[in-house]
Amino acid sequence: LVANLITRAGADRELTMDLHAAQIQGFFDIPVDNMLGNPLFTRYYMSKFDEKLFNHDEFCVVSPDVGSVARSRTFAAKVHMGLAIVDKRRQRANMCEVMNIIGDVEGKTCILFDDIVDTAGSLCNAAEAIKTIGKAKAVYACASHGVLSGNATQRIEELMVLNTIPLPADYTGKKIRQLDASPIFAKAITRIYNETSISSLF
């Protein structure tokens, strides 16, 4: 319905970023380009940990669930790190139980990588499991879209998100930071306008 509404409103092409499910593109009768936010996180963490100095064997990218493995694998390949997976069983909406850590994270600095953070329950449970079950040294978290509903901002200790969604109006803390996604959209729009390929942006 939303896809049809956007099309009937007059849109003839759509740019998105990190769709939760790639199948969403199939609901549109117009071209949909799903941009990727992981290059922004790649540059951020390469700068944060200084790519030339840190030992990649001491770091690991962690997928918070099986559904995010593909995007986490792509991110891990870009930053030349190993990959681990948090195996969890969701009991009901917004509630989950962490079961196991697939992969070696012991003594490593881990980067939890996801596409959406809503209540932050899953993210915090995953981080706790990585430290207690996996015995990781430290855990950082990043996600493309920060919905941050309920008491998410109180649960989170540190999180990096893109500015695809505004932070809650009442949030004044510094634990949640945003990276600017507009340069990627600007490049895509320029190339579409000039009728040149945008494939390199993927």
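The values are calculated or read from the model by the stated rules, or taken from the named source; none is laboratory data. Keep in mind the model is a prediction, meaning the values are calculated, not measured. Note that each Cβ is placed from the backbone with ideal geometry, even for glycine, and that neighbours are counted across all protein chains shown. Heavy atoms of the whole protein, side chains included, go into the accessibility calculation; ligands, DNA and RNA do not. Shrake-Rupley method; radii C 1.70, N 1.55, O 1.52, S 1.80 Å.
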Please give the strands (runs of 3 or more DSSP E) falling wholly within segment 105-202 in which 2 or more residues are touching a helix residue (DSSP H, G or I) at 6+ places or on another chain (Cβ under 8 Å) and closer than 22 Å to ASP65 by Cα.
109-117, 138-146, 159-162
Of the residues that sit in segment 79-136 and are among the hydroxyl-bearing types (Ser, Thr, Tyr) and in contact with a strand residue (DSSP E or B) (Cβ under 8 Å, 6 or more places away or on another chain), which one is modelled with the highest pLDDT?
THR109
Mind checking which residues of segment 151-202 are farther than 22 Å from LEU36 by Cβ, open to solvent by less than 80 Å² (accessible area, probe 1.4 Å) and among the basic types (Lys, Arg)?
LYS175
List, please: which pairs have Cβ atoms under 8 Å, are six or more places apart or on different chains, and start with a residue in segment 167-187 that is of a type in the set (Ser, Thr, Tyr) and end with one that is open to solvent by less than 60 Å² (accessible area, probe 1.4 Å)?
TYR171/LEU148; TYR171/THR153
Quick check: is even one residue across segment 137-157 within 28 Å of THR16 (Cα to Cα) and without any contact (Cβ under 8 Å) to a residue 12 or more places away in the chain?
no
